[in-house]
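The values are calculated or read from the model by the stated rules, or taken from the named source; none is laboratory data. The structure displayed is predicted, hence computed values, not measured ones. Quick reminder, even Gly has a Cβ in these numbers, built from the backbone with ideal geometry, and neighbours come from all protein chains shown. The accessibility values were calculated without ligands, DNA or RNA, using every heavy atom of the protein model including side chains. Shrake-Rupley method; radii C 1.70, N 1.55, O 1.52, S 1.80 Å.
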Amino acid sequence: MTDDTHAEIALRVNDVTHRLLVDNRTTLLDALREGIGHTGSKKGCDRGQCGACTVLCDGRRVVSCLTLAVAAEGAEITTIEGLAGDGELRPIQREFVRLDGFQCGYCTSGQLCSAVGMLAEHAAGWPSAVTADVSPDAPAPELDAAEVRERMSGNLCRCGAYPSIVRAVLSAAREEVAK
């Protein structure tokens, strides 16, 4: 590598800062898995189509296989390894376990990170493609099965655990609202 093809970056992942020397073309996924050792995010399609590599970047969902590591510098990155706090599972994680929202588990880390981001988007009142009324003065859309399916549509499950995933997301959302 020449000096203009790589960079030293600092990635803040799960509240810990990691300094890495990366090729400028290194994806965030490869930096997380190979540079830092966080292997929870999976490399599925490597084309941004399956969602197995989804992480949160400043609270927003991103497919880490299409995000350059150098572009993520300065962001707060949360991977599946950082979702649980103080050894306590988040409601979405508990509901995935309770309602069997996974089968082989390969897509689960991306599904969970995406669900956390999706629930935050919904809580902020963001509409989706199936939201009936998107006018500026419309009330926040109700989170129902159709909304969850649309909002989670970027995450594929080869085992077909979709009904359980939708139930888990809805149950976790109800638990969050009840707090």
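Being over 19 Å from residue 116 (Cα atoms), under 17 Å from the mean Cα position of the chain (by Cα) and open to solvent by less than 40 Å² (accessible area, probe 1.4 Å) is the requirement here; does residue 82 meet it? When the stated conditions are applied, residue 82 does not pass them.
Can you confirm whether the stretch 147-166 contains a residue that is in contact with an Asp or Glu (Cβ under 6 Å, 6 or more places away or on another chain) and assigned to a helix (DSSP H, G or I)? Before the answer, list the steps.
First, pick out the residues of the stretch 147-166 that are in contact with an Asp or Glu (Cβ under 6 Å, 6 or more places away or on another chain): 164.
If we keep only those that are assigned to a helix (DSSP H, G or I) too, we end up with 164.
Yes, the conditions are met somewhere in the stretch 147-166.
Among all positions in the stretch 121-142, there is at least one residue which is among the charged types (D, E, K, R) and under 23 Å from residue 44 (Cβ atoms). Within the bounds of the stretch 85-92, is there any residue that is under 17 Å from residue 36 (Cα atoms) and either of a type outside the set (D, E, K, R) or in contact with a Phe, Trp or Tyr (Cβ under 8 Å, 6 or more places away or on another chain) (or both)? No, the stretch 85-92 contains no residue that is under 17 Å from residue 36 (Cα atoms) and either of a type outside the set (D, E, K, R) or in contact with a Phe, Trp or Tyr (Cβ under 8 Å, 6 or more places away or on another chain) (or both).
Of the residues screened, residue 116 is one that is in contact (Cβ under 8 Å) with a residue 60 or more places away in the chain and within 23 Å of residue 65 (Cα to Cα). Beta carbons closer than 6 Å, at least 6 apart along the sequence or on distinct chains, never pair a first residue in the stretch 84-100 that is of a type outside the set (D, E, K, R) with a second that is part of a strand (DSSP E or B).
Take residue 51 and tell me if it is at positive phi, in contact with a helix residue (DSSP H, G or I) (Cβ under 9 Å, 6 or more places away or on another chain), open to solvent by less than 70 Å² (accessible area, probe 1.4 Å) and part of a loop (DSSP other than H, G, I, E, B). Before you say what the answer is, go through the steps one by one.
Working: at positive phi: yes; in contact with a helix residue (DSSP H, G or I) (Cβ under 9 Å, 6 or more places away or on another chain): yes; open to solvent by less than 70 Å² (accessible area, probe 1.4 Å): yes; part of a loop (DSSP other than H, G, I, E, B): yes.
Yes.
Name the residues in the stretch 13-48 that are of a type in the set (D, E, K, R) and either surrounded by fewer than 16 Cβ atoms within 10 Å (Cβ to Cβ) or part of a loop (DSSP other than H, G, I, E, B) (or both), would you?
Residues of the stretch 13-48 of a type in the set (D, E, K, R): 15, 19, 23, 25, 30, 33-34, 42-43, 46-47.
Selection gives 15, 19, 23, 25, 34, 42, 43, 46, 47.
Determine, yes or no, whether residue 22 is touching a Gly at 6+ places or on another chain (Cβ under 7 Å) and without any contact (Cβ under 8 Å) to a residue 60 or more places away in the chain. Don't jump to the end; show me each part of the working.
On the way: touching a Gly at 6+ places or on another chain (Cβ under 7 Å): yes; without any contact (Cβ under 8 Å) to a residue 60 or more places away in the chain: yes.
Yes, satisfied.
Of 167, 158, which residue is touching a Phe, Trp or Tyr at 6+ places or on another chain (Cβ under 8 Å), touching a residue at least 12 places away in the same chain (Cβ under 8 Å) and open to solvent by 80 Å² or more (accessible area, probe 1.4 Å)? Break it down stepwise before answering.
Working: 167 fails: touching a Phe, Trp or Tyr at 6+ places or on another chain (Cβ under 8 Å).
Selected residue: 158, the only one of 167, 158 that is touching a Phe, Trp or Tyr at 6+ places or on another chain (Cβ under 8 Å), touching a residue at least 12 places away in the same chain (Cβ under 8 Å) and open to solvent by 80 Å² or more (accessible area, probe 1.4 Å).
Which of the residues belonging to the stretch 57-114 are among the hydrophobic types (A, V, I, L, M, F, W, C), under 21 Å from residue 173 (Cβ atoms) and part of a helix (DSSP H, G or I)?
Of everything in the stretch 57-114, those that are among the hydrophobic types (A, V, I, L, M, F, W, C), under 21 Å from residue 173 (Cβ atoms) and part of a helix (DSSP H, G or I) turn out to be 80, 92, 96, 97, 112, 113.
Looking only at residues of the stretch 58-72 that are surrounded by fewer than 18 Cβ atoms within 10 Å (Cβ to Cβ) and within 19 Å of residue 16 (Cβ to Cβ), we find that the one that is nearest to the chain's Cα centre (by Cα) is 59.
Does any residue of the stretch 104-122 turn out to be more than 17 Å from the chain's Cα centre (by Cα) and either modelled with pLDDT under 95 or among the hydrophobic types (A, V, I, L, M, F, W, C) (or both)?
Within the stretch 104-122, the subset more than 17 Å from the chain's Cα centre (by Cα) is 104.
Now drop any that are not either modelled with pLDDT under 95 or among the hydrophobic types (A, V, I, L, M, F, W, C) (or both), which leaves 104.
So far as the stretch 104-122 goes, yes, one or more of its residues are more than 17 Å from the chain's Cα centre (by Cα) and either modelled with pLDDT under 95 or among the hydrophobic types (A, V, I, L, M, F, W, C) (or both).
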